[in-house]
4 protein chains.
Amino acid sequence: MTKDFRSDNTLGCSPEILEAITRAAKGTATSYGDDEITARVRVRCSELFERDVDVFPVITGSAANALSVASMTEPWGVVLCHADAHIHRDELGGVEFFSGGAKVITIPGAGGKLHAADVQNAIDGVRNGSRTGVPSVLSLTNATEAGTVYTNDELRSLIEVARRNRLRVHLDGARLANAIATGTSDLDGVDILSFGVTKNGGMTADLIVVFSRELAEGVSIRWHRSGHRASKSRFLSAQIEAYLTNDLWLRNARHANAMAARFRDAISGRVEIVYPVEANMIFIRLEKGVYESLTRDGFLFFDAAIYGPDIYRIMTGFSTTPEDVDELAAALEDRQSCLSC
Amino acid sequence: MTKDFRSDNTLGCSPEILEAITRAAKGTATSYGDDEITARVRVRCSELFERDVDVFPVITGSAANALSVASMTEPWGVVLCHADAHIHRDELGGVEFFSGGAKVITIPGAGGKLHAADVQNAIDGVRNGSRTGVPSVLSLTNATEAGTVYTNDELRSLIEVARRNRLRVHLDGARLANAIATGTSDLDGVDILSFGVTKNGGMTADLIVVFSRELAEGVSIRWHRSGHRASKSRFLSAQIEAYLTNDLWLRNARHANAMAARFRDAISGRVEIVYPVEANMIFIRLEKGVYESLTRDGFLFFDAAIYGPDIYRIMTGFSTTPEDVDELAAALEDRQSCLSC
Amino acid sequence: MTKDFRSDNTLGCSPEILEAITRAAKGTATSYGDDEITARVRVRCSELFERDVDVFPVITGSAANALSVASMTEPWGVVLCHADAHIHRDELGGVEFFSGGAKVITIPGAGGKLHAADVQNAIDGVRNGSRTGVPSVLSLTNATEAGTVYTNDELRSLIEVARRNRLRVHLDGARLANAIATGTSDLDGVDILSFGVTKNGGMTADLIVVFSRELAEGVSIRWHRSGHRASKSRFLSAQIEAYLTNDLWLRNARHANAMAARFRDAISGRVEIVYPVEANMIFIRLEKGVYESLTRDGFLFFDAAIYGPDIYRIMTGFSTTPEDVDELAAALEDRQSCLSC
Amino acid sequence: MTKDFRSDNTLGCSPEILEAITRAAKGTATSYGDDEITARVRVRCSELFERDVDVFPVITGSAANALSVASMTEPWGVVLCHADAHIHRDELGGVEFFSGGAKVITIPGAGGKLHAADVQNAIDGVRNGSRTGVPSVLSLTNATEAGTVYTNDELRSLIEVARRNRLRVHLDGARLANAIATGTSDLDGVDILSFGVTKNGGMTADLIVVFSRELAEGVSIRWHRSGHRASKSRFLSAQIEAYLTNDLWLRNARHANAMAARFRDAISGRVEIVYPVEANMIFIRLEKGVYESLTRDGFLFFDAAIYGPDIYRIMTGFSTTPEDVDELAAALEDRQSCLSC
């Protein structure tokens, strides 16, 4: 039993992925992404997304994001994203670095979501300034950093705003599987997708999926130039191939989502839940003493102070069990009642 | 008589500055900033600012800003400034470019001014995120983009916040003369100053003044590397020397400020004035028809839509005459009464 | 039996490394390099290199090189390296990109080796120019790109030149194991090492080893910012830990070297061998028809036209067998005699 | 009488240029390059170069070079130039910085000149390496850094090599007037010209002339973003307009060239002249004692050690007089004979 709810990236990896790597270790293969497994991943993604795509396996979602966005903008571009977006909050300026100094301008939005009207206002604001920079990219995140999931209508209206204003659209899909597992799946109009694998049962692989293929050459060169083109690329692609085989990616995501829902249901009404629980994250408000007490008991999860005081984040993943969840819910119930005596 | 109130940079230059250039044209001089006039400018600035400084003449305030800020931060730094700051609004990402991708995060503030508590909050917000970037520079602007002037107390509290949090302080002094002419002059704690000359009667010169001399080497190399180190540097320094001789800079600034005050007084009570008029800018609210009618009559000034609907900016300068101002005020009075008939 | 002699990166990986990954997949671990396995790798490397070091696992040698060199130079630095160095020839300007525009200046040298006097001349040449850039880094490669190995004396004299001129020293050790297996091991004076794992039986891991620990913070931030800090870092470190356990790295390297020597001995006197065979590469001169005939028979190896006309490269690795080598040697003997009938 | 032969940038400026600036100081003008004088310079250059061009006034030739070359290449491009080219030797990596890390690869050539076959070899060398970078720009310098001038045939064959290999062509014309004054004038196939003004009687102005107008937008944005777009642009353009009026540029250049020729003729046979004297520079070989003795007597000129031991450079300019030259020649004759007593 694990008491680790810190992140989906503190977990291990799916057995199918280990097996795939073991198989890939046999024999020799062309290096630098020109191997047969990577070729098959491209075919598989083209089927999955129902259009011809180019694919570039990388080791982190941050790499996928920065390489993707940099390939969509001039150095003087403006990249719009949610105030909590990973590209702004968590990557130490990776987009600014890879793009040669593009400007990331953030837009607030409740529950981790952007709204089309706010995006239009942000574009207008930049354009009125005229010498701020050239609005170039809208970067969306689905599932969001708040654990919510855009509806297809919400996605369409955001992408429509970007298209109407001639911005490229990047989708940070570090947890796209968790979103798609809920039924959201409309990627029409997305230019490049950062397709998460690692957080959902993978090991060390995420995938850049280029829908707008005129952008592929720029991605390809940046991929090599930044040291992200693995020589033994098959070991990344093998993970991704296994991930996309027999719906492993969806099975893992559905499970993680279900564990989060189970936890929400278990604590509902007794603990304040900050955002709708739609993917595999639950943000709750706790007294600090309760958090510390749980920590002393070996339950691991992070504070989420950037979302507000006394807010903490619980994250489930492919290997979280119902027992794990129930144990945490029970421990939480204990402490809360105790404190409220 | 000029009807041009578009900007202090649409005006010509002071006769003293032309004469200085003419004198400098005689004979030969060491190039690339190692000439005697540049050396004298350094001595003069050291006297003026009452500490040993290094100086680097450049052709634009944008160059001064970008070179200065880039020399104060690592590429992963965060630069904090007002939402209307020139470095954010008007320089097409110059700071991001020169710094290797630093992140400019803006802070709103009424009347073009930052407030110490908001700066502290912004720093805390970045630090809580922990992987957004490293808060490195606070860039202030005085006189502000809204034509207001910080009091010494306001400046001190802002600089104190920066110092307490180990941020460097940059002062965009494109209109520092206009601020100092009002009595504000406290530069204690500023690391590098972009000292404006061009807008206040100069021709093609602004000056980087480095107070924290350990930063001078980085400025010097960037100055050369970016093509901003003029070979016939004496022709920039001669402008600056004349500017700082016999208080030309203060006389020009006082005159420009007085012209703005004269205009304010002339229209006060009849036209909405948006910000306190403390330097050489007046922001007013006009019906669009009035603006167009004045334009047809040859009065030149810009809309300032980024500050809100129906807002226009009138700017005075060293060569604006009382007659210029009175004529505009009269024309404005005409139209306003006409429209309100 | 494999007929693949294209590169040590077309091979699979050592079973010990697969086993280590499988073990690492169990349980949960702190992410982003703060896991226990990465901590153990640091301890192991400190023992191995007999000084306290910092370590940063990455996915490619190119990443290790670019992150290391960028952390040793200002953007206006000059990086000196051999004309055939990977950082110059094979990384699409990764060093220039990561450093913010440093200048890579190459120095020719027979057999892939630099000579101390040539390095001194290059430094002098740059310094005399004075505005070319600031000589900042000497990047050495051992084993070299030509398959030769520096003697300790050669290394010492090169490092001594760098030190005397206040340059930092980077060692591209993509094949350091192959060099150390021959007895060369003197790393005194090296600031940062790119320690190769992938090419010598690893899967997707190389290691930045920072000897000059004041450089570690810069490496660490660049590592994160460029998307090279894997969230499930234990899966890289597990590879490296296995690599450094029970001398796997040396056993693999000795084997690869022995296979190259076996091939050299087999063809010696009948085929022109271009460089001394000291590590796991053999450069030979072939008629193009011979190359094509071998290719048709399924033997895979690359032309090496950048080294001269009709030059081809044979590379052995941890999984190359004596039978592989003997078969290629026999096939080569066949064709050569045939052609010379 | 001036004894200053250090550089054409230690001299003052032509009276016509001062007068033009004085005229430009009157009245007001649209700022940031949208003034009428800049518009006239564009028309004048279109006439002069017999095609529609875009023009961007800047303060230095280094800025012109870096902005031009950066606008012709991706960040992973390779820029080829002569080993003595200003962009390589004298600008502290400005091209690398402005381009986002392009690689400058130099080609040797006697007398400061490139040869078409060597350029082809360099391109082939880069392309064979395949991952060095993408050959993108050939940067030529005319008159050369050695004071020689390309013939039209030489220029054509170089440009033809670039075109055939799909490289853009940049011409560093810091001393283009000196070259054209000799009859060389073929600019067909050049994409962007750095057109020198400062060194030939100007004050603080050089001009980017864009022949391939699809490149103009990129130049324009970089010009602003890097702080090179002067707000009172008319003061740069006024210099350039005067320069191009009544053949001032050619008259100045012819005079400077004639002074160099006069000096060459005066010392010919008695002092070793290193390169053909075709423009306004003379490289001579002197004993160090002679140089020091002349220096003590107030004659100023630089050693040119990067060209070889005991080599010194004499430079003439628009204001050098026959008397200046004769005096130096006489002093030199004195010392040489004295030393050889």
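The values are calculated or read from the model by the stated rules, or taken from the named source; none is laboratory data. As the structure is a computational prediction, the values presented were derived from the model and not from experiment. Positions of Cβ are generated from backbone atoms using ideal geometry, with glycine treated the same way; all protein chains shown enter the neighbour counts. Keep in mind that these areas ignore ligands, DNA and RNA; they rest on the heavy atoms of the full protein, side chains included. Shrake-Rupley method; radii C 1.70, N 1.55, O 1.52, S 1.80 Å.
Within 24 Å of the chain's Cα centre (by Cα), open to solvent by 10 Å² or more (accessible area, probe 1.4 Å), farther than 20 Å from A:Leu140 by Cα and touching a residue at least 60 places away in the same chain (Cβ under 8 Å): does that describe A:Arg44? Full working, then the answer.
Details: within 24 Å of the chain's Cα centre (by Cα): yes; open to solvent by 10 Å² or more (accessible area, probe 1.4 Å): yes; farther than 20 Å from A:Leu140 by Cα: yes; touching a residue at least 60 places away in the same chain (Cβ under 8 Å): yes.
So A:Arg44 passes the test.
From the list B:Val53, B:Val78, which one is away from chain D (no Cβ under 14 Å), over 19 Å from B:Val137 (Cα atoms) and open to solvent by less than 20 Å² (accessible area, probe 1.4 Å)?
Only one candidate qualifies: B:Val53.
Enumerate the helices (runs of 4 or more DSSP H) found wholly within segment C:33-111, keeping only those where 3 or more residues are within 28 Å of C:Asp124 (Cβ to Cβ) and of a type in the set (A, V, I, L, M). Quick ask: steps written out before the conclusion?
Details: elements: C:36-49, C:61-70, C:86-89, C:94-99.
By residue number, C:61-70.
Can you find, within segment D:166-214, the residue that is nearest to the other protein chains (Cβ to nearest Cβ) among those that are part of a helix (DSSP H, G or I) and open to solvent by 20 Å² or more (accessible area, probe 1.4 Å)? Even if it seems obvious, please write down each step before you answer.
Of segment D:166-214, the ones part of a helix (DSSP H, G or I) are D:176-180, D:198-200, D:213-214.
From what's left, open to solvent by 20 Å² or more (accessible area, probe 1.4 Å): D:180, D:199, D:213-214.
Numbers: D:Ile180: 21, D:Lys199: 7, D:Arg213: 18, D:Glu214: 15 Å.
The selected residue is D:Lys199.
Output the residues belonging to segment C:111-137 that are under 16 Å from C:Arg89 (Cα atoms) and among the hydrophobic types (A, V, I, L, M, F, W, C).
Result: C:Leu114, single match.
Open to solvent by 30 Å² or more (accessible area, probe 1.4 Å) and either under 15 Å from A:Asp8 (Cβ atoms) or modelled with pLDDT under 95 (or both): is that true of A:Arg254 in this structure? First the steps, then the outcome.
On the way: open to solvent by 30 Å² or more (accessible area, probe 1.4 Å): yes; either under 15 Å from A:Asp8 (Cβ atoms) or modelled with pLDDT under 95 (or both): yes.
Criteria met by A:Arg254.
Looking at (1) under 28 Å from D:Leu80 (Cβ atoms); (2) open to solvent by 10 Å² or more (accessible area, probe 1.4 Å); (3) not acidic (Asp, Glu), which is the one condition that is false for D:Val219?
(2)
I'm trying to understand the selection: among the residues of segment D:62-75, which are facing another protein chain (nearest Cβ under 8 Å) and of a type outside the set (Asp, Glu)? Working first, answer last.
Initially, segment D:62-75 is screened for residues facing another protein chain (nearest Cβ under 8 Å), giving D:62-67, D:74-75.
Once the filter is applied, which keeps residues that are facing another protein chain (nearest Cβ under 8 Å) and of a type outside the set (Asp, Glu), segment D:62-75 yields D:Ser62, D:Ala63, D:Ala64, D:Asn65, D:Ala66, D:Leu67, D:Pro75.
Looking at segment A:81-93, which of its residues are out of contact with any Phe, Trp or Tyr (no Cβ under 9 Å at 6 or more places or on another chain) and more than 8 Å from chain B (Cβ to nearest Cβ)?
Matches in segment A:81-93: A:Cys81, A:His82, A:Ala83, A:Ala85, A:His86, A:Ile87.
If only one of D:Phe56, D:Phe97 is within 21 Å of B:Thr60 (Cβ to Cβ), among the aromatic types (Phe, Trp, Tyr) and touching a residue at least 40 places away in the same chain (Cβ under 8 Å), which one is it? Walk me through how you get there before you give the answer.
Working: D:Phe97 fails: touching a residue at least 40 places away in the same chain (Cβ under 8 Å).
Only one candidate passes the filter, namely D:Phe56.
State which residue is farthest from the other protein chains (Cβ to nearest Cβ) when the search covers only segment B:115-136 and only residues that are in contact with a helix residue (DSSP H, G or I) (Cβ under 6 Å, 6 or more places away or on another chain) and modelled with pLDDT of 95 or more. Can you show your working first?
Looking only at segment B:115-136, we keep the residues that are in contact with a helix residue (DSSP H, G or I) (Cβ under 6 Å, 6 or more places away or on another chain), and these are B:116, B:119-120, B:128-129, B:132, B:135.
Then drop every residue that is not modelled with pLDDT of 95 or more, which leaves B:116, B:119-120, B:132, B:135.
Values: B:Ala116: 22, B:Val119: 18, B:Gln120: 16, B:Thr132: 5, B:Pro135: 12 Å.
The residue in question is B:Ala116.
Residue by residue through segment D:217-231, note down the ones that are in contact (Cβ under 8 Å) with a residue 24 or more places away in the chain and β-branched (Val, Ile, Thr).
Going through segment D:217-231, the residues in contact (Cβ under 8 Å) with a residue 24 or more places away in the chain turn out to be D:218-220, D:222-224, D:226, D:228-231.
The one that is in contact (Cβ under 8 Å) with a residue 24 or more places away in the chain and β-branched (Val, Ile, Thr): D:Val219.
Of all the residues that make up segment B:297-311, how many are in a strand (DSSP E or B) and either at the interface with another protein chain (Cβ under 10 Å from one of its Cβ atoms) or open to solvent by 10 Å² or more (accessible area, probe 1.4 Å) (or both)?
Start the filter on segment B:297-311 by keeping residues that are in a strand (DSSP E or B), which leaves B:300, B:302-303, B:311.
Filter again for either at the interface with another protein chain (Cβ under 10 Å from one of its Cβ atoms) or open to solvent by 10 Å² or more (accessible area, probe 1.4 Å) (or both), leaving B:300, B:302-303.
Total satisfying the criteria: 3.
From the list A:Val210, A:Val149, A:Val161, A:Val190, exactly one residue is at pLDDT 95 or above, aliphatic (A, V, I, L, M) and more than 22 Å from A:Ala83 (Cα to Cα). Which is it?
Numbers: A:Val149 fails: more than 22 Å from A:Ala83 (Cα to Cα); A:Val161 fails: more than 22 Å from A:Ala83 (Cα to Cα); A:Val190 fails: more than 22 Å from A:Ala83 (Cα to Cα).
Answer to the selection: A:Val210.
Looking at segment A:228-248 only, could you name the residues that are more than 14 Å from chain C (Cβ to nearest Cβ) and open to solvent by 10 Å² or more (accessible area, probe 1.4 Å)?
Matches in segment A:228-248: A:Glu241, A:Thr245, A:Asn246, A:Asp247.
Pairs needed: first member in segment A:234-251, under 9 Å from A:Ser14 (Cβ atoms) and aliphatic (A, V, I, L, M); second member anywhere, open to solvent by less than 10 Å² (accessible area, probe 1.4 Å) and part of a helix (DSSP H, G or I); C-beta distance under 6 Å; at least 6 residues apart or different chains.
A:Ala242/A:Ile17; A:Ala242/A:Ala20
Tally up the residues in segment B:112-144 that are open to solvent by 20 Å² or more (accessible area, probe 1.4 Å), within 30 Å of B:Asn257 (Cα to Cα) and in a loop (DSSP other than H, G, I, E, B), please.
Here the count works out to 2.
Residues checked against (1) over 28 Å from A:Met315 (Cβ atoms); (2) at pLDDT below 95; (3) at the interface with another protein chain (Cβ under 9 Å from one of its Cβ atoms):
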position	(1), (2), (3)
A:Ser99	yes, no, yes
A:Val104	no, no, yes
A:Gly112	no, no, no
A:Leu138	no, no, no
A:Thr144	no, no, no
A:Glu154	no, no, no
A:Ser157	yes, no, no
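Among the residues of segment A:215-227, which ones are more than 7 Å from chain C (Cβ to nearest Cβ) and not polar (S, T, N, Q)?
Of segment A:215-227, the ones more than 7 Å from chain C (Cβ to nearest Cβ) are A:215-220, A:222-223.
Passing the criteria: A:Leu215, A:Ala216, A:Glu217, A:Gly218, A:Val219, A:Arg222, A:Trp223.
For segment B:55-78, enumerate the residues that are hydrophobic (A, V, I, L, M, F, W, C) and either in contact with a Gly (Cβ under 7 Å, 6 or more places away or on another chain) or closer than 22 Å to B:Tyr32 by Cβ (or both).
So in segment B:55-78, the residues hydrophobic (A, V, I, L, M, F, W, C) come out as B:55-56, B:58-59, B:63-64, B:66-67, B:69-70, B:72, B:76, B:78.
Passing the criteria: B:Val55, B:Phe56, B:Val58, B:Ile59, B:Ala63, B:Ala64, B:Ala66, B:Leu67, B:Ala70, B:Trp76, B:Val78.
Of everything in segment B:272-289, what is crowded, with 21+ Cβ neighbours inside 10 Å and more than 23 Å from B:Phe318 (Cα to Cα)? Give them in sequence order.
Result: B:Leu286, single match.
Looking at segment D:24-41, which of the residues that are within 28 Å of the chain's Cα centre (by Cα) and not aliphatic (A, V, I, L, M) is nearest to the other protein chains (Cβ to nearest Cβ)?
Start the filter on segment D:24-41 by keeping residues that are within 28 Å of the chain's Cα centre (by Cα), which leaves D:24, D:31-41.
With not aliphatic (A, V, I, L, M) added as a condition, the list becomes D:31-36, D:38, D:40.
Values: D:Ser31: 5, D:Tyr32: 8, D:Gly33: 12, D:Asp34: 10, D:Asp35: 9, D:Glu36: 12, D:Thr38: 13, D:Arg40: 18 Å.
So, considering only residues that are within 28 Å of the chain's Cα centre (by Cα) and not aliphatic (A, V, I, L, M), the one nearest to the other protein chains (Cβ to nearest Cβ) is D:Ser31.
Residue pairs, Cβ under 7 Å, 6 or more apart or interchain, first in segment D:299-311 and farther than 20 Å from D:Thr2 by Cβ, second open to solvent by 60 Å² or more (accessible area, probe 1.4 Å) and modelled with pLDDT under 95. List them.
D:Ala305/C:Asn128; D:Ile306/C:Asn128; D:Asp310/D:Glu287; D:Asp310/D:Lys288
Yes/no per residue for (1) closer than 30 Å to B:Val95 by Cα; (2) of a type in the set (Lys, Arg):
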| position | (1), (2) |
| --- | --- |
| C:Glu19 | no, no |
| C:Lys26 | no, yes |
| C:Gly33 | no, no |
| C:Glu36 | no, no |
| C:Ser46 | no, no |
| C:Ala64 | yes, no |
| C:Ser68 | yes, no |
| C:Asp84 | no, no |
| C:Glu96 | yes, no |
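Taking segment D:1-23 on its own, how many of its residues are farther than 18 Å from B:Ala230 by Cα, in a loop (DSSP other than H, G, I, E, B) and more than 8 Å from chain B (Cβ to nearest Cβ)?
Filtering segment D:1-23 down to residues farther than 18 Å from B:Ala230 by Cα leaves D:1-5, D:15-16, D:19-20, D:22-23.
Subsequent filtering for residues that are in a loop (DSSP other than H, G, I, E, B) retains D:1-3, D:5.
The next check asks that each one be more than 8 Å from chain B (Cβ to nearest Cβ); those that pass are D:1, D:3, D:5.
Of the residues in segment D:1-23, 3 are farther than 18 Å from B:Ala230 by Cα, in a loop (DSSP other than H, G, I, E, B) and more than 8 Å from chain B (Cβ to nearest Cβ).
Counting only residues that are more than 21 Å from D:Ala25 (Cα to Cα) and outside any helix (DSSP H, G or I), which one in segment D:217-250 is nearest to the chain's Cα centre (by Cα)?
Going through the qualifying residues, I end up with D:Asp247.
Test B:Asp54 against the stated conditions and say whether it is of a type in the set (Asp, Glu), touching a strand residue (DSSP E or B) at 6+ places or on another chain (Cβ under 6 Å) and more than 24 Å from B:Asn280 (Cβ to Cβ). First the steps, then the outcome.
On the way: of a type in the set (Asp, Glu): yes; touching a strand residue (DSSP E or B) at 6+ places or on another chain (Cβ under 6 Å): yes; more than 24 Å from B:Asn280 (Cβ to Cβ): yes.
So B:Asp54 fits the description; yes.
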